[in-house]
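Taking it in order: structure first as structure tokens, then the write-up.
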Amino acid sequence: MDAETLEPERYEFFERQRFSFALDRRDFIRVFGAGLVIFVAAGETFAQESGRSQRGHEAVPAELAAWLHVDESGRVRVCTGKVEIGQNIRTSLSQAVADELHVPLASVTLVMADTDLTPFDMGTFGSRTTPTMAPQLARAAAAARQMLIARAAARWHVDTAGLRTSQGEVRHADGRVVTYGDLVRGEALSGTIPAGVPVESPNEWTVRGTPARKVDGAAFVIGRHQYTPDIARPGLHYGRVIRPDGYNARLVGVDDVKARAMAGVIVVRDGDFVGVVAPSERVAARAANAIVATWQVPPGQPASETIYEYLKANLEEPSSPAVGSGAIPDGARALSATYRIPYIAHVPLEPRAAVAEWTSGRLTVWTGTQRPFAVRGELADAFHIPENRIRVIVPDTGSAYGGKHTGEAAVEAARLAQAARRPVKLIWTRAEEFQWAYFRPAGVIDIRSAVDASGRIGLWEFDNWNSGGAGLASPYDIPSKIERFHASKSPLRQGSYRALAATANHYAREMHMDAIARAINADPVEFRLRHLSNPRVKAVLEAVADRIGWASRGSRAIGIACGTEKGGYVATAAEVARRDKGFRVQRIVTAFEVGAIVNPDGLRNQVEGSIVQALGGALFEAIEFADGRIINGTMEQYRVPRFQDVPIIDTILLDRRDLPSAGAGESSLVCLAPAIGTAVRSLGPVDTALPVRMS
Amino acid sequence: MARYLLHVNGREHEIDGEPGDSLLFVLRDDLGLTGSRFGCGEGQCGACTVLLEGKATRSCVTRIGAVGSRTITTIEALSSGPELDPVQQAFLETEAFQCGYCTSGMIMAAVGLLKTNPTPSDEDVARLMNGNVCRCGTYPRIVRAVRLAADRVAKATTGVRDGR
């Protein structure tokens with residue numbers, strides 16, 4: 001991965017672990033069953049051909065990214081360490097495989113995110129699945145199809161050129177047909193991806209590019225899908241952890257007499273860790289309530305009112321060059337502003353949870369995380385056991401939005417299970433999820449700009465404290481640009497979030513572009529276009545301007561914003577109206593372009609959903625805290641978007657079949673807040689902070 | 001500790017517990033009915049919604065001591081066999097979910113809604129289901145799904161009345 005790719009996730013850790021094994025024929029059949037397997041080497045992309053030949057029995061690459069197996073019944077099983085968290089990759093990756101292998105979508109099964117079954121994967125974040133994993137699997141499927149054609153040709157003593165594949169069968173022009181299953185029966189065939197294996201161009205797609213339904217959708221509408229909190233094990237017990245009264249607290253004393261006296265209850269003490277295990281969740285909750293723990297919370301911890309000064313004053317390292325050094329060109333008009341972005345919470349509806357089970361020194365943990373292999377590492381560190389004695393399994397998870405890169409519940413459940421000598425399930429309460437998970441970073445953004453008499457920006461100095469570097473770079477053509485990120489010492493635990501800092505950076509940038517346009521009486525859309533040469537940004541901006549009726553807006557309060565992030569190009573327009581002393585959002589139009597569209601309905605769902613989620617950060621979400629405590633850490637107090645908050649949402653998807661597909665689960669939310677903020681400016685002055693408020 | 005007789009999905013279950021114990025955890029842990037999800041434990045998100053005597057109810061804040069003889073229906077009993085309830089079918093066809101964690105509760109809330117208001121408008125659905133959270137933001141699709149189910153049930157009912 002290059003530096004640019006890592007940038008959006010600067011708050012996360014990266015480690016590389018090797019996955020290596022050697023298979024003989026018996027091992028192969030034991031692991032995979034008979035059939036054909038294609039190994040996908042890690043790092044294998046369109047740009048880097050593996051260069052290996054196709055002989056039918058390849059050595060397994062030292063580092064794998066995935067593998068694909070065709071069994072004797074023609075069923076296709078694909079193993080990938082990626083995680084399904086609602087972004088719908090179980091379906092979109094299946095589409096890629098079915099398309100290239102020429103099999104029905106229903107015959108493809110993805111085995112995902114199981115550290116014993118799937119190759120190492122760094123994690124599911126940064127919109128990387130579609131641009132990296134999908135092409136790898138497509139090439140693996142194409143390689144498998146080539147091998148199957150070659151086998152059919154050998155069996156029939158014909159040239160491969162006369163053979164066609166469809167619906168899991170190879171056909172000869174003379175009418176002979178053989179199924180993939182028949183071709184691999186009793187075999188142990190393996191291969192890697194040969195150099196130059198052709199994959200279909202988007203114009204040849206028949207499964208990709210179609211609105212395939214979620215492959216296992218039925219399991220969700222009948223309530224049968226098992227998320228981590230639903231996993232049952234023989235002899236399962238239930239855990240609770242006794243939490244400190246605040247951040248950085250020290251345990252002073254514990255009175256656990258009452259809890260210990262409760263039937264079936266085990267109290268677990270290990271340093272500052274205090275937990276209970278009980279035969280039922282109900283008893284575990286009662287036991288936890290019966291424990292009186294005394295904590296000392298350090299006084300004087302930062303509060304939400306003072307966080308912005310704090311972030312500027314407490315840097316990880318000194319800033320250089322000095323902020324405010326950009327020279328204002330002679331005769332230019334200078335404009336500057338400071339934008340403030342609060343911490344916000346992910347609030348995944350499935351809270352952190354884990355089921356942990358120790359069996360003869362081996363640990364198995366089911367948990368909802370975006371980084372199963374990193375969680376395996378956390379467990380290895382916590383329990384001082386090698387990773388090969390730990391298995392982490394991630395059931396398709398009740399969402400994450402960047403908020404589940406870690407394994408807190410996994411470690412805690414494993415500690416409780418170790419003490420109780422039984423499998424233990426731990427489900428964090430909503431209050432724990434608010435207080436002890438992590439947040440999207442708060443940030444301060446200072447912009448200094450200068451615009452000349454002809455209405456062109458000559459200086460753009462953009463300094464972001466703590467929000468992050470994603471989306472920092474302006475897409476606008478400006479001769480002098482200084483764009484810096486300054487890492488601060490965050491008093492609250494912070495980490496990734498859907499689109500991460502791109503939301504804050506787009507908010508500040510687009511609010512400021514609008515402010516400049518207004519200051520010089522320029523049309524805000526025309527003003528942007530004047531500074532844009534990127535055709536993809538221009539295309540989405542023009543699409544929303546057209547759909548919202550920008551040119552004929554008259555007195556309607558409409559705001560507009562555009563940008564690009566993680567290979568996605570997005571513009572959003574918002575129409576607002578006065579309500580009481582504030583405003584309400586009436587209509588949202590978003591245009592989104594991510595190259596060739598893999599699943600138009602899935603993409604539409606993601607875009608609409610991201611807009612709804614972004615409404616929270618734009619209109620009301622902000623973590624309030626003081627004295628080491630979250631003040632609004634309940635679902636009742638921390639408002640997330642609900643049915644009645646949703647305006648008319650109009651989504652325009654631009655399908656660029658000439659361009660590779662980018663990940664689409666994140667970027668479409670980044671322009672909503674500035675679209676609303678700039679729309680509200682038409683009603684009156686607006687604070688330079690999120691959530692959007694009239695001054 | 002007391003013993004409670006609960007009528008769940010057409011069967012009777014004897015449960016030992018405290019009167020204040022949450023119905024949700026009895027359903028999930030004692031009866032293995034994990035289709036009702038734990039989302040917030042505050043009665044604020046609706047992921048745990050079940051029908052209590054036909055009325056959509058937050059099971060996480062329902063105490064077993066307060067259930068009495070009322071019947072409880074969970075997502076597991078909404079349909080039997082391959083035939084889905086019209087609301088389930090509409091959610092499936094509309095793909096009114098992403099991660100799916102809210103889906104059981106949304107479907108149960110919609111079923112409860114349609115019992116009292118069989119022909120809701122979009123605004124009715126939004127107002128009456130405002131207590132259910134979809135953090136993935138699929139609300140517009142859920143509204144469409146509920147309306148689709150309502151339309152189909154209305155058509156089917158008309159058909160029965162007309163003797164078709």
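The numbers here are math on the coordinates, done by the rules we state, and not lab data. A quick note: this is a predicted structure, and the numbers were derived from the prediction, not measured. Reconstructed Cβ throughout: ideal geometry from the backbone, glycine too, with neighbour counts over all protein chains shown.
Tabulated data for the structure shown
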read-out: Cut-off 9 Å between beta-carbons: net charge of the residues surrounding residue A:356, Lys and Arg +1, Asp and Glu -1; value: 0
read-out: Percent RCO, i.e. relative contact order, over chain B, from Cα pairs under 8 Å lying at least 6 residues apart; value: 23 percent
read-out: Neighbourhood net charge (10 Å Cβ-Cβ; Lys/Arg +1, Asp/Glu -1) for residue A:230; value: +3
read-out: Cα-centred dipole magnitude for chain A, charges only on beta-carbon of K, R (+1) and D, E (-1), debye, nearest 20; value: 1220 debye
read-out: Separation between Cα centres of region B:1-51 and region A:114-158, rounded to whole Å; value: 44 Å
read-out: Selected from A:464, A:634, A:42, residue furthest toward positive end of dipole (chain A; charges at beta carbon); value: A:634
read-out: Rel. contact order, % - alpha carbon contacts under 8 angstrom, at least six apart, region A:149-235; value: 13 percent
read-out: Estimated inter-spin distance, residue A:359 and residue A:269, nm [label 7 Å along Cα→Cβ]; value: 3.4 nm
read-out: Nearest-20 debye value, chain B charge dipole, Cβ charges on Lys, Arg, Asp, Glu; value: 440 debye
read-out: Prolate/oblate/rounded label for chain A (Cα gyration tensor, a/c 1.5); value: oblate
read-out: Over chain B: helical MRE at 222 nm, DSSP H runs n ≥ 4 each giving -39500 (n - 2.57), nearest 500; value: -10500 deg cm²/dmol
read-out: GluC sites (Glu not before Pro) lying in DSSP loop within region A:586-695, provided at most 15 other Cβ fall within 10 Å; value: A:636
read-out: Sequence-distant lysines (8 or more away, or on other chains) whose Cα lies within less than 20 Å of residue A:489; value: A:312
read-out: Signed unit charges on C-beta, dipole axis of region A:269-330, positive-most listed residue A:313, A:325, A:291; value: A:291
read-out: For region A:449-607: rounded, prolate or oblate by the Cα gyration tensor [a/c cutoff 1.5]; value: rounded
read-out: Estimated [θ] at 222 nm from DSSP helical runs (n ≥ 4, -39500 (n - 2.57)) normalised by residues in chain A, nearest 500; value: -8000 deg cm²/dmol
read-out: Flagged links, alpha-carbon separation over 30 Å, of A:214/A:566; A:214/A:538; A:481/A:538; A:404/B:115; value: A:214/A:538; A:404/B:115
read-out: Region A:356-394 versus region A:237-303: alpha-carbon centroid distance in Å; value: 24 Å
read-out: Charge context of residue A:201, other residues only, Cβ under 12 angstrom, K/R +1, D/E -1; value: -3
read-out: Approximate spin-label separation residue B:83-residue A:117, in nm, with each point projected 7 Å along Cα-to-Cβ; value: 3.4 nm
read-out: Residue A:316 paired with residue B:152, simple spin-label distance in nm, labels 7 Å along Cα-to-beta-carbon; value: 5.1 nm
read-out: Sites excluded, GluC sites (Glu not before Pro) in DSSP loops with at most 14 other C-beta within 10 Å, longest stretch of chain B; value: B:84-164
read-out: Length-normalised contact order for chain A - Cα pairs under 8 Å, 6+ apart - percent; value: 14 percent
